[in-house]
Amino acid sequence: MNRINLITLGVRDISLSLTFYRDGLGFQTSMTEESPGIVFFNNAGTKLSLYPLEALTKDINEKESPSKQGFSGITIAYNAKSAEEVDEIMEKAEKAGGTIVKAPQKVFWGGYSGYFSDPDGYYWEVAYSEDWNFDENDMLIIE
């Protein structure tokens with residue numbers, strides 16, 4: 001499991017956020033609707049870094065630490081190439097100390113997915129859809 005396919009941000013106003021990321025920051029998308037249910041941006045790739053929590057907290061606000069209360073509205077997604085791979089990754093996560101938050105199951109959008117949280121409480125979705133395709137770098141192709 002050495003890739004991240006999607007980092008999903010929960011936003012209060014999708015139109016405002018679409019304008020911010022697409023028009024303000026130049027993120028590329030094929031979305032033309034101004035108030036869609038979901039937006040995918042076509043990035044060149046995604047990276048993940050780990051940084052000591054204490055140092056990061058201090059970097060964000062030296063005088064007042066940000067607090068973490070419940071679900072932050074952000075999930076990280078791993079898109080598998082089979083339902084069996086979803087089950088394998090979820091099992092690996094649990095064995096490594098993660099907590100299964102939602103066991104893998106068929107979901108409303110037609111795929112198969114589940115959620116686990118890592119030891120720091122960050123939520124990961126592990127999902128599969130028979131409709132998905134991947135490029136030569138194992139990045140999910142979203143059109």
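The values are calculated or read from the model by the stated rules, or taken from the named source; none is laboratory data. This is a predicted model, so every value here is computed, not measured. Here the Cβ is made from the backbone with ideal geometry for all residues, glycine too, and neighbour counts use every protein chain on show. For the accessible areas, the whole protein counts, side chains as well, though only heavy atoms, and no ligand, DNA or RNA atoms are used. Shrake-Rupley method; radii C 1.70, N 1.55, O 1.52, S 1.80 Å.
Starting from the Cα gyration tensor of the chain, take the square roots of the eigenvalues, sort them a ≥ b ≥ c, and report rounded, prolate or oblate (rounded when a/c is under 1.5, otherwise prolate if a/b is larger than b/c, else oblate). In terms of gyration-tensor shape, oblate. Averaging the sequence gap over all C-alpha pairs within less than 8 Å and six or more residues apart, then dividing by the number of residues, gives the chain a relative contact order of 23 percent.
Accessible area per residue for the chain, computed on protein heavy atoms with a 1.4 Å probe, is 73 Å². Taking 14 Å as the straight-line reach from the Cα of Lys95, the aspartates and glutamates in range (excluding those fewer than 8 positions away in the same chain) are Asp87, Asp118. What is the stretch 71-124 by shape, rounded, prolate or oblate, if you read a ≥ b ≥ c off the alpha carbon gyration tensor as root eigenvalues and call it rounded for a/c under 1.5, prolate for a/b larger than b/c, and oblate otherwise? It comes out oblate by the Cα gyration axes.
Between Leu50 and Asn137, how many nm apart are label points set 7 Å from Cα along the C-beta direction? Roughly 2.3 nm, to one decimal. Give me the percent of accessible area attributable to carbon and sulfur for the chain, probe 1.4 angstrom. Carbon plus sulfur share of accessible area: 50 percent. Along the stretch 79-86 the Karplus relation, 6.51 cos²θ - 1.76 cosθ + 1.60 evaluated at θ = phi - 60°, assigns HN-Hα couplings of 9, 8, 9, 6, 5, 4, 5, 4 Hz to successive residues, with x for each Gly and Pro.
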